[in-house]
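*Asks:* Dropping the structure in here first, questions after.
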Amino acid sequence: MVVVIDYGMGNLGSVANIIKKVGHSCTVTSDLSLIEKAEKLILPGVGSFDNGMENLNRLGISEVITKKVMQDKTPILGICLGAQLMLESSEEGKLAGLNWVKGKVIKFRFAEKQIDQRIPHMGWNQIVINKQNPIFNNMYENPKFYFVHSYHFQLENEADTLTTTDYGYEFASGFSKENITGLQFHPEKSHKYGMLVYKNFLES
């Protein structure tokens, strides 16, 4: 069973729709008993870091998914805010993150001469795939994805960097560590590229 975790932070419908489009099914839920039974997890999200962590903690989801991910090694895919919550902390808030991957979330900082770089980083941008991961199997040439974010990952261990993207400077736009994958971009809004990411995650 594939579970898309509902913690009240948006874009659940678009994730469920693309999963259906690539020929799979999922359960969108905050029910802890269903999350515990999941064979694969997806943690999407749009919004602020503290709101996301408050909801996960209040609903009792943090503890359950941490056991699933860190002890049971259940594969999980984090999208946008969902991926940011997997790190230790964020400049956007004061609460601790899930702390599954070492690093923090920082705001884009551009030099004065880079006045053309607007925040949020919004729209299509290319990614560079830094290491092998099943979610990028048979990926199209020059893969590009849809981004909407003002903060990005700052990873402690370079080995965790899955993808990089250039927006004023190069930043980590994806990370992976064992069964954990986090993407800053929105594959569910990224047409054929995103469909292939979801298909690969569900079938790998």
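Each value in this text was obtained by applying a stated rule to the coordinates, not by laboratory testing. Note that the coordinates shown come from a computational prediction; the quantities given were computed from them, not determined experimentally. Backbone-built Cβ (ideal geometry, glycine too); neighbour counts: all protein chains shown.
*Asks:* Past the 22 angstrom mark, what percentage of all C-alpha to C-alpha distances in the chain do you count?
*Replies:* Values: 9012 of 20706 pairs.
When every Cα pair of the chain is considered, 44 percent fall beyond 22 Å.
*Asks:* With a 10 Å cut-off between alpha carbons and a GNM built on the chain, which of 136, 49, 110 moves the most?
*Replies:* In the Gaussian network model the winner is 110.
*Asks:* Right, another one. Using Cβ counts within 10 Å as a stand-in for footprinting exposure, how do 170, 188 rank, fewest first?
*Replies:* By the 10 Å Cβ count, ascending: 170, 188.
*Asks:* Over what distance in Å are the Cα centres of the range 62-141 and the range 1-37 separated?
*Replies:* First find each Cα centre; the distance between them is then 19 Å.
*Asks:* Among 149, 191, rank each residue by its count of other Cβ atoms within 10 Å, from fewest to most, as a rough exposure measure.
*Replies:* Listing 149, 191 from fewest to most nearby Cβ atoms yields 191, 149.
*Asks:* Which net charge results for the neighbourhood of residue 74, defined as the other residues with beta-carbon distances under 12 angstrom from its beta-carbon, given Lys and Arg at +1 and Asp and Glu at -1?
*Replies:* +1
*Asks:* Okay, moving on. Cut-off under 22 Å on the C-alpha distance; same-chain residues fewer than 8 positions from residue 21 excluded. Which lysines are left, in chain and number order?
*Replies:* Those lysines meeting the cut-off are 40, 144, 189, 192, 199.
*Asks:* Further question on the same structure: Of 41, 129, 18, which is farthest towards the positive pole of the range 2-203's charge dipole, taken about the Cα centre with +1 and -1 on the beta-carbons of Lys, Arg and Asp, Glu respectively?
*Replies:* 18
*Asks:* Mean separation of Cα pairs under 8 Å and 6+ residues apart, divided by the residue count of the chain: what relative contact order is that in percent?
*Replies:* 20 percent
*Asks:* Can you show me the helix-derived [θ] at 222 nm for the chain, built from DSSP H runs with n ≥ 4 at -39,500 (n - 2.57) apiece and divided by the number of residues, rounded to the nearest 500.
*Replies:* On the way: 6 runs with 49 residues, N = 204.
Taken over the chain, the calculation gives -6500 deg cm²/dmol.
*Asks:* If you restrict to DSSP beta bridges whose two residues both lie in the chain, what percentage is antiparallel, to the nearest 5?
*Replies:* Percentage antiparallel, nearest 5: 60.
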